[in-house]
Amino acid sequence: MNAGYGLTVRWSLEEAPADVAGKLRDYVVGTSMAKFMFLDGLAFKTWRMVEGSWFEGTYVFDQAVYRDDFQKEFSAEAAQSAGSKIIGSAPVLVEPFEVVAIAEGPEGFRRGPGPGTA
């Protein structure tokens, strides 16, 4: 048993339009969440953001082959991805990583929009 195989995709928001954070929240909650709920091999995905600094998708896949295939496909069209179109630039980082461990706390693993969404 292993914790999974990770991938980080990060965009810079430093040169993005002023209203980009709201547009990213709307896109993630309104479209992107549903899309990734059915991605083969995906255990979970989180979307993280520090307004004015960066926006990131963090993926954890069940097997390396799923992660590697997704990375290859995404990298080929990263500059035209929905996130890139909203932000106005391609990702600054697409990086696979090792998931050392995952601990689920007493509050359980949560799913759904974050506190910044309406």
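The values are calculated or read from the model by the stated rules, or taken from the named source; none is laboratory data. If you're wondering where the values come from, they're calculated on a predicted model, not measured in any experiment. In this analysis, Cβ positions are derived from the backbone assuming ideal geometry, glycine residues included, and neighbour counts consider all displayed protein chains. These area figures cover heavy atoms from the full protein model, side chains too; ligands, DNA and RNA do not enter into them. Shrake-Rupley method; radii C 1.70, N 1.55, O 1.52, S 1.80 Å.
Please specify each residue of segment 23-37 satisfying the condition of being loosely packed, with under 13 Cβ neighbours inside 10 Å, in a helix (DSSP H, G or I) and without any contact (Cβ under 8 Å) to a residue 40 or more places away in the chain.
Scanning segment 23-37 gives Gly30, Ala34, Lys35.
Of the residues Ala3, Ala16, Ala78, only one is part of a loop (DSSP other than H, G, I, E, B) and at pLDDT 95 or above; which?
After applying the criteria, what remains is Ala16.
Inside segment 6-22, can you point out the residues that are within 10 Å of Ile87 (Cα to Cα), open to solvent by 30 Å² or more (accessible area, probe 1.4 Å) and under 15 Å from the mean Cα position of the chain (by Cα)?
Ser12
Pairs please, first residue from segment 82-107 and farther than 26 Å from Ala21 by Cβ, second anywhere and of a type in the set (Asp, Glu), Cβ atoms under 9 Å, 6+ apart in sequence or on different chains.
Listed by first residue and then by second, the contacts come to Pro96/Asp68.
Being at pLDDT below 95 and within 15 Å of the chain's Cα centre (by Cα) is true for just one of Phe97, Phe38. Which residue is that?
Result of the check over Phe97, Phe38: Phe38.
Which members of segment 69-90 meet the condition of being exposed (fewer than 14 other Cβ atoms within 10 Å of the Cβ) and among the aromatic types (Phe, Trp, Tyr)?
Those that are exposed (fewer than 14 other Cβ atoms within 10 Å of the Cβ) and among the aromatic types (Phe, Trp, Tyr): none in segment 69-90.
Condition check ((1) within 12 Å of the chain's Cα centre (by Cα); (2) over 15 Å from Thr8 (Cβ atoms); (3) modelled with pLDDT of 95 or more; (4) open to solvent by 40 Å² or more (accessible area, probe 1.4 Å)) across all residues:
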site	(1), (2), (3), (4)
Met49	yes, no, yes, yes
Arg67	no, no, yes, no
Val92	no, no, yes, yes
Glu104	no, yes, no, yes
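Considering segment 38-47 alone, what residues qualify as being aliphatic (A, V, I, L, M), open to solvent by 40 Å² or more (accessible area, probe 1.4 Å) and part of a strand (DSSP E or B)?
Across segment 38-47, the qualifying residue is only Ala43.
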